[in-house]
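Written out below as structure tokens is the structure these notes cover.
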Amino acid sequence: MEDFPRQTITLTRYDGSTYSWSPSSFMSQISVQFVFKVDPAAPSCTAGEYLPRFLPPTPEHGAQFFINVNEMIEINIRAEATQSEITELLFSGPVNMIKNSSGSGYFTLRWRPSFSQNDDNESHPICFVVQANASSSIYQSELRCVIVRVGNTPFIATPSPPPKTSRLTVLKLKISTTLSLKDNKDKLEKAIKDELIRRGLPPDIKVRLLSDGSVKVNN
């Protein structure tokens, strides 16, 4: 491991001798050693047996989330292993991210970006693996990484939009609510419309909630 100055540095000793370092010359150098502990081979490499397997609603690798500053994001992670015991979630992400567990194989990552941490208009990678133990051996799931974009939207604004035409979009949503769809149809349609507008759709869209739970968006 070597230490390089950002600009040329000249030091003068008490006896008048000088020492100079440029950005291309290291100031100090120290050896770094690593120790690896190799566990025995897993009896089976099939995900879900010894190696934890991700289950829904765990986001897929490469998934992207779009949120605003001071808005909380919650990433739910679930995994199973039939021949080992899931013990831990290992992750890397923003320094103030919080991890919680609600039982073996159930984890939640929560994070709220802030202006004080300069999180606005930045993309933040979050990576995680689930770890399991069996007979003093450690097994890990595949690595998954997602991207959280703060203050950005997945929609690209064009300076000269094309002429407006009627367009029908059908969205499949999973709605979790204690409200009656029949008695609170207007409230639910408004909540869905507000969220779609927040994510970049034009404010004049029309949202219609169907009896089978699907949503029609027309603009």
(request) Provide the gained length on full extension for the span Leu143 to Asn70, in nm with one decimal, where the gain is 0.36 nm per separating residue minus the Cα-Cα distance. (result) 23.5 nm
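Counting alpha carbon pairs within less than 8 Å and at least 6 residues apart, what relative contact order, in whole percent, applies to the range 53-150?
Numbers: 214 pairs, mean separation 35.6, N = 98.
Reported as a whole number, the value is 36 percent.
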(request) Could you sort 94-101, 106-113, 4-11 so that the peptide with the highest average Cβ count within 10 Å comes first and the rest follow in order? (result) 106-113, 94-101, 4-11
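Under a Cβ-Cβ cut-off of 10 Å, what is the net charge of the residues other than Leu109 that fall near it, where Lys and Arg count +1 and Asp and Glu count -1? If you can, show how the numbers build up before the last one.
Numbers: positive: Lys99, Arg110; negative: Glu74.
Residues near Leu109 contribute +1 overall.
Of the peptides 124-137, 51-64, 75-88, how do they stack up when ordered by the mean number of other Cβ atoms within 10 Å, highest first? Don't jump to the answer; show the numbers that get you there.
Numbers: 124-137: 16.6, 51-64: 15.1, 75-88: 18.2.
So the order, starting with the most tightly packed, is 75-88, 124-137, 51-64.
What full-extension length gain, to one decimal in nm, is calculated for Glu60 and Ser28 as 0.36 nm per residue of separation minus the Cα-Cα distance?
Taking Glu60 through Ser28 to full extension adds about 7.2 nm, to one decimal.
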(request) Per residue of the range 9-21, in order, report the coupling 6.51 cos²θ - 1.76 cosθ + 1.60 (Karplus, θ = phi - 60°) as ³J(HN,Hα) in whole Hz, putting x for Gly and Pro. (result) 10, 10, 10, 10, 7, 5, 8, x, 6, 10, 10, 10, 10
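Can you bin the range 62-155 into rounded, prolate or oblate? Criterion: square roots of the alpha carbon gyration tensor eigenvalues sorted a ≥ b ≥ c, rounded for a/c under 1.5, prolate for a/b above b/c, oblate for the rest.
Working: a/c = 2.80, a/b = 2.42, b/c = 1.16.
The shape class here is prolate.
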(message) Given points 7 Å out from each Cα along the Cα-Cβ axis, report the Ser123 to Leu90 separation in nanometres with one decimal.
(response) 2.6 nm
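Bear in mind that the values in this text are calculations on the coordinates, not laboratory data. Every value quoted in this text rests on a predicted model; they were computed, and no experiment measured them. A quick note on method: Cβ atoms are made from the backbone with ideal geometry, for glycine too, and the neighbour counts reach across all protein chains shown.
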